Every structure is written in structure tokens, then in C-alpha cells.
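Visitor: Dumping the structure here so I can ask a few things about it.
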Amino acid sequence: MSNGARAARVSAAALAGFLLVAGLQLAVVLLVLWTALTLLPSAVALRAGVPLSIATFGAAGYATWRALHTRRRVPAGVAVTRDDAPRLWELADKAAGAAGVRPPDSLTVVADATAVLGERTRLLGLIGGRRDLYLGLPLLMAWDPDRLRAVVAHELAHTSPRLSRWAPVAYRGRVAVSRIVPRISRRNPAGAVLRAYAGWYRRIEAPFSRAQELAADRIAAEHAGVAPAVAALRDLPALAGMQRLFHAEYLGPGWQAGYVPDDVFGGLLRVLAARAVELTRLRAQDPEPSGPWDPHPPLGERLAALAPSPDGEEPAEAGEPAVAENAEPAEELVPDLPKLGRALQAVAFPPGGRTVVSWSEFLSLARTAEMEREAEATLATISRAVGAPVPGPERVLELAGDGRLREAAGTLFPDLSPEETTGRVVDLLGLMLALAALRSGVVRWRHSWTGAAEVVGVDGAYLNLAELAVAAADPATTQSVREYLEKIGVDLAAPAGGAGPARAQVLGGLVNLSADGKRTDLLITDLGLYLVPGLPRGRTAEARRRLGRIAAAGIPASASTPADADGRFLPFVDVASLTTKPGRRRGWVIGLRDGGSVTLRPALDTEELPGGWSAWEDAAAFLSGTR
């Protein structure tokens, strides 16, 4: 028996141990319950039997079920039938044949740069089920068919019996356990033993995972060729990294500001084409593990295992992904890829009340909204420092002209040197002048897919706002700057544009908390906390879905945004203190600047959206340390 086959058998046996451990926990509870009842008088035992059974065995059974049960997350996507894309399905069928498995039951195109085979299993993967292949649209847009053949063959080969007849069970089990264990609540009484067993299982299962991933690589190389398989190994994490950059730098800011571009995936293609140097650098890097349950060996080890290819092919060099000669364009695998992209955008990026605009307008509005948001917070701080409202650029220049702006900066930053204080004043004036010029229509944004955007005149001419800000910081020349700005058409009193309120970035969520004694769901954002009235007990799954929809739609948040009927927003700027309440059921008291307070406590059925507890602990640490 090979080492890989032996590892597969051990992994499958360890997987069955999960169910055994869960059963033993219940058996221990039942034994303790039976022993307690036998020690009681018969009449008392008969009367107390049912309540005690519910309170002990019933509670333990429910806790175990909650620990081992989780709903499989289905990514948003567009299902592609065999009639829609026969050549893409042909590619999947041939890859399944090469792996020795049945073809997937469905094929769905999703927004992420990924290729994943999902299976609807039961009993922690011991029993298989329907198999769904999820293929990222970025791969279809950016890759040639050979790399697509390699990545699809690799994914389908995860359940190939070539390594061992136990390999499919072992793989399904690892996927199920890796999905379940991180979601076990820390307050679940059945969770401690299961988490401890999971740590042991992960160590026992690791040899199989490594052997299975290397076997899937070999099957992909045999089917598509060594060079395309190596190129796919290098390119997939690089493409995923570029997509994260695209979301953070290009899509995210405008999305939070209340807008959505008319062609999201077209913008991604432009970024990939414009930032080829960064893409090459990412190809050469060894990707970071996605978590403790990531089964992939280091990239160097995987490439070395493919190096001695039987047909003499050499792996592609980093930065030069292999493309088979005379290969047909990847677009031919899907008859109308742009149409598919538009359909996917409607599902993966629904506007949800946002305004759909062109990419050029989207980037301009996003950058302006970021500046407006920064200016709002800065003006509120300056207003408190001078003891009077400072609504906009006109008032800021008045303060600069009479010297009070510098005095306010000195009060806010007492530890800075005079030169550093002047720098802060100049930065503020530069922000105010740029906003006034944008609001007046004197300047516009000039964007680049490779670098930072810059403010230029409407005719494209360069306008040195930094030099004007330096002059405005000197009370002797402030009036001259005002006169020059008036001459070129800048209205310092021009109101902000018609953009809606900024949307806070959601960092995580918790369902079924107690807020002042009432069931409440919570979203933690970068600007504050959003509290939503909770649903009755037994509707946790519905509460999770509802909170996910609210997070996806975005939360309008600013200091002036009133609480609506559906939720209450607590901006961090309105929080005066945060105190942790000790005890078995820990809680937190949030003191507000208006004298009110909110007390949060976890409940027995509290659950988190991904990253919920981590986001809350970070927010609590921030508020405790700065208040």
C-alpha cells in the first residue's frame, strides 16, 4: 500500500471519529443522568425524569447538533447550462474523465477569481451528494483554455479515487470539518471537546491532504500539459490578489459612496492590463496559506513535483505564464462572455439603491466622496477647537487669515513642532481648496489605472493647489489667494454635490445579542455600530441572512444620519466610553456623549457572521483605548 493510500485510510478513519466523539459526549451525559435518577426515590425520579432529561440530555444533544451542523454557503453566480455553453461543458466533461470522476451536476460562473468544486454531503462528508462546479468569470476573461483545463481538472481530481478508494471520503470530510469547526461558538458546551479533536484530526489528516493536492496537480498536468498546469498554479493566487487590489482601490470607495460602475468586470480587465508589472511580481511570490485548514503544500514544492515531466515539457518561468500555441480564445468557450458578465454583475453586485454610472464618473465621484468624508470629520474637529461652527472652505480661509486656524492646530497637536503644525494647516487648506474648486466646476479628476488620480483644470491644464494652500496658510497672503480663486471662478461657499451619505464599510456582524435587554443584531463598521432589532428565538438562520443582506446593501452613516425604523447607527465619534462588565456572561456598556448608554451582552444562541467576534473585539479595544 502506498503512503498516499495509507494516509487516505487514516484520514477517513479519523473523520469517523468525529461522530464517535459526539456520540460519546451524549453517552456520558446520559450515563450521568441515569446515575442521578437511580439515586433518587422512585416517586421523585418519575416526577423529575422528564425535566432533567430535557435540561441535560436534550440540551447536550441540541448543542452537539448545533456544533456539527452548518449551512453550506452558496456563492452568488449565474448557472450555465450545457445548451448555454456546450464547449465549456465539454472542457469540464473531459477534465472529469481525466480525473476518473463523474462530471459536475451543475456549472456556475461566479465573481471571484477561483475554481471550486462544492459537494452537498451528509454526515461530515461520509456520504457524498450533488457536485457543483464554481468557476470565476475573471478566469474566463483572462486565461486561455489550456490553463482553464488544468485548473478544472485539478479541482475535479480532489475526489479522484486514483490515490485510494478512501480518498473521496477523506477529502469530503476534510472540507466539511474545515467548514464546521471554525464556526463552533465559543459558548457551545459541546464545542470544547470537538475543537480539541479537530486539532488532533488536522495533524493526523495533514499527510493525506498534502498527497492529495500533489496527486491533483499531476492529474492536471497529465490532462492539460505541464506548462499550463504550472502557469495555473502561479496565476490563480496572483489573479486573486489583483482582484483584491481592484476591490480595495477601485471598486470599494465608490461602492461605499453610493455608486456602482456600469461594467464592473470590464474595469477589472483594465486593471489587469495596466498593472502587468504588479501581476508579474505576484506570480513570483509563494501565496500565503488561507488559514490553518489550508491543505496546499508550498508553491515551490508543488512546482518541483511537476518539474520532471514525462513528455519533456519545461515549467513556465515566473512572470511568463505558459500559453499553448494555436489555442482558441477563451471567449469561445462561452458564446457571449460580455452578456454573461452583465448577468453576473446583476447578481453579485446588485445596485441596492446605488446610482449606476460610467467608470470615469464612478472614480471621480468616489474620490470626491472620500474627500468630503475626510473634510466633514476635520471640520467637526476644528469647530470644537475654535468653539464655533466651521461649515466649509470659506470659513476655514477666514480662520487662516486672522491666525486662529494655526492656533486651533496648535491646540489639537500640542506636541508638534512649529514646522509640523504649519504642515497640518497646509494639508487642511489644500483639502478645502480642492473641494471648493471641484464643487465650483473649475477642476476635474484625471484618473490613471496605474497610479493615483490628480486634480486638473477642466481643460486638462495643471492647477497648483498645493502652492495656493501654502500661500493661504500665511495670514499676510490669505486675501491674495481668495482674490485669485474668485478670479478663476472658485466659489468658496459652493455647496457639496448631490452625493448621498457615505456608506460605512462593514467589518463583521453578530446575531442574537442582547442590547438593553432586547434581542438585537449588530454590524460592526469602520465608522460605528449598527444595531438592528433581533428576530424571535428559533429564527437564527433567517437573522443571519437578513444581516448579510443589510451589510451587502451598505449602511449610510454620518454624524448627521438619524436612526431609521429598521436600525440605529452609533457613530464612534458619539461614544464617550466603553466598559467591560465581568462575569460568566461578559457584557459591555457603551457610554454616549449625550449622557445615554447601551449595554450589550451575548446570549446563548449568539452567532457571528464571518469575522464578527474578531471585529467586535478590535472595536472594543479601540474604544477602550481611546476614550
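Bear in mind these aren't lab numbers, they're just calculated from the coordinates by the rules spelled out. Source: prediction; values computed, not measured. Please note: Cβ atoms are built from the backbone with ideal geometry, for glycine as well, and neighbour counts cover all protein chains shown.
Visitor: Using alpha carbon centroids, what distance separates the stretch 571-627 and the stretch 501-540, in Å?
Guide: 12
Visitor: Kindly state, to the nearest 0.05, the FRET efficiency for Asp474 paired with Asp262, given R0 = 60 Å and r defined as their beta-carbon distance. List each step's numbers first, then the result.
Guide: Values: r = 45 Å, r/R0 = 0.75.
Working from the Cβ atoms, E equals 0.85.
Visitor: Also, quick follow-up: Extending each Cα 7 Å along its Cβ direction at Asp286 and Ala16, get the distance between those two points in nm, one decimal.
Guide: 3.7
Visitor: Across the Cα atoms of the stretch 207-260, what radius of gyration and what greatest pairwise Cα-Cα distance (Dmax) are found, in Å?
Guide: In order Rg, Dmax, the Cα atoms of the stretch 207-260 give 17.3, 48 Å.
Visitor: A follow-up question, please. Evaluate E = 1/(1 + (r/R0)^6) for Ala343 and Val458, where r is the Cβ-Cβ distance and R0 equals 25 Å; express this FRET efficiency to the nearest 0.05. Please report the intermediate quantities before stating the final value.
Guide: Details: r = 37 Å, r/R0 = 1.48.
That pair, Ala343 with Val458, gives E of 0.10.
Visitor: Post the alpha-carbon centroid distance, the stretch 95-158 to the stretch 457-498, in whole angstrom.
Guide: Measuring centre to centre over Cα atoms gives 57 Å.
Visitor: How far apart, in nanometres, would the label points at Asp574 and Arg102 be if each is projected 7 angstrom from Cα along the Cα-to-Cβ direction?
Guide: The modelled label-to-label distance comes out at 5.6 nm.
Visitor: Continuing with this model, one more query. Using 0.36 nm per residue of separation minus the Cα-Cα distance, give me the extension gain between Ala552 and Ser448 in nm, one decimal.
Guide: 34.7 nm
Visitor: Could you tell me the largest-minus-smallest coordinate of the C-alpha atoms of the stretch 75-207 on each of the three principal axes, in descending order and whole angstroms?
Guide: Largest first, the stretch 75-207 extends 50, 32, 23 Å along its Cα principal axes.
Visitor: Now, a different point. Let's test the formula: R0 of 60 Å, r as the Cβ-Cβ distance of Glu374 and Ile127. What FRET efficiency results, to the nearest 0.05?
Guide: So, using R0 = 60 Å, E works out to roughly 0.65.
Visitor: Could you give log10 I(q)/I(0) at q = 0.16, 0.27 Å⁻¹ for the stretch 450-495, computed by the Debye formula over C-alpha point scatterers of equal weight, without solvent?
Guide: -0.53, -1.10
Visitor: Can I ask one more? In terms of the Cα gyration tensor, with a ≥ b ≥ c the square roots of its eigenvalues, is the stretch 574-627 rounded because a/c is under 1.5, prolate because a/b exceeds b/c, or oblate?
Guide: prolate
Visitor: What are the lysines whose alpha-carbon lies under 25 Å from the alpha-carbon of Lys581, with same-chain residues fewer than 8 places away excluded?
Guide: Lys518
Visitor: Right, another one. May I ask for the equivalent-ellipsoid semi-axes of the stretch 416-487, computed as the square root of five times each C-alpha gyration tensor eigenvalue and listed largest first in whole Å?
Guide: The three semi-axes for the stretch 416-487 are 23, 17, 8 Å.
Visitor: Over all alpha-carbon pairs in the stretch 208-296, figure out the percentage whose distance exceeds 23 Å.
Guide: 40
Visitor: What is the distance, in nm, between label points placed 7 Å from the Cα along the Cα-to-Cβ direction at Ala466 and at Thr35?
Guide: Placing both labels 7 Å beyond Cα along the Cβ direction yields 7.7 nm.
Visitor: So, one more: Divide, for the stretch 363-459, the radius of gyration over alpha carbons by 2.2 N^0.38 Å, where N is the residue count.
Guide: After normalising by residue count via 2.2 N^0.38 Å, the value is 1.17.
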